[in-house]
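Here is the structure we will look at, set down as structure tokens.
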Amino acid sequence: MILSVNGSRYEVQAGTRTLVEVLRDDLNLVGTKEGCGVGMCGACTVLVDGKPLSGCLVLAEQVAGKEILTIEGLSQDESLHPVQQAFLEQGAFQCAYCTPGFVLTTIALLNEKPSPSDEEIREYLAGNLCRCGSYQNILQAVKSASATGVKHHT
Ligand code: FES
Ligand code: FES
């Protein structure tokens, strides 16, 4: 089967493995993290056709033919994506295990709703957990990214 990831197409033998397993083990895209493995933490979030999806909950073969975006697909050349830049500037992480999932979910949010309220941000990011408790800084980072008004390409 063919997986389309970050603008490239890959031939993979996925069998019954999940998307996060195939991304990490076959494509070496280890920016996508596996935490709980059961859809509760958001660490494995990737964008599939622009929508956040938990990579531990879907088989890779279920997303064949769709456009998958992982954290590795965001920065262009040497420059970070504006949402990554905002997370960096706001210190929105400690161990950073949750960060790829938060960044991708934030991009989807800002594409849908460029100027979300605090409540809307909290609601949209409710499926992403941060064990280090960086929620306040994450909120600031999302607001800062929103305020830049940059078109958040995916
Ligand atoms: S590892 Fe997929 S939601 Fe936690
Ligand atoms: S920064 Fe450690 S889990 Fe979020």
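Its Kirkwood hydrodynamic radius, worked out from the mean inverse distance over all distinct Cα pairs, puts region 82-148 at 11.4 Å. Only lysine pairs 8 or more places apart or on separate chains count here, and in the chain those with Cα atoms under 19 Å apart total 7.
Of the DSSP H helices in the chain, those with a Cα length along their own long axis of 18 Å or more and a mean Kyte-Doolittle hydropathy reaching -1.0 comprise 99-112, 135-148. Across all Cα pairs in region 1-78, the calculated P(r) in 10 Å bins from zero up to the longest distance comes to 21, 59, 19, 1 percent per bin.
Annotation: the residues Val58, Val5, sorted from fewest to most other C-beta atoms within 10 Å of their own C-beta, follow the order Val58, Val5. If both residues of a DSSP beta bridge must be in region 2-73, then about 85% of such bridges are antiparallel. Across the options Pro82, Asn128, Gly15, the greatest Cα extent toward the positive end of the charge dipole of the chain (unit charges at beta carbon of Lys, Arg, Asp, Glu) belongs to Asn128. For the chain, a simple Cβ point-charge model (Lys and Arg +1, Asp and Glu -1, everything else neutral) yields a dipole of about 200 debye relative to the Cα centre.
Its relative contact order, with pairs defined as Cα atoms under 8 Å and 6+ residues apart, puts the chain at 25 percent. Of the trypsin sites (Lys or Arg not before Pro) found in region 101-154, the ones in coil according to DSSP and having at most 16 other Cβ atoms within 10 Å of their Cβ are Arg131, Lys151. Normalised by the number of residues in region 2-73, the mean separation of alpha-carbon contacts (under 8 Å, six or more apart) gives a relative contact order of 41 percent.
Around the amide H of Gly55, modelled in the peptide plane, lie the amide H atoms of Cys44, Thr45, Val46, all under 5 Å away and 5 or more residues distant in sequence or on another chain.
Evaluated at q = 0.10, 0.13, 0.14, 0.16 Å⁻¹, the base-10 log of the normalised Debye intensity for the chain, with identical point scatterers placed on the Cα atoms, takes the values -0.32, -0.54, -0.63, -0.82. A DSSP coil position with no more than 10 other Cβ atoms inside 10 Å describes none of the chymotrypsin sites (Phe, Trp or Tyr not before Pro) in region 1-108.
Read the figures in this text as sums done on the coordinates, not as results from a lab. Since we're looking at a predicted model, the values are computed, not measured. Neighbour counts run over all protein chains shown; Cβ positions are idealised from the backbone, glycine included.
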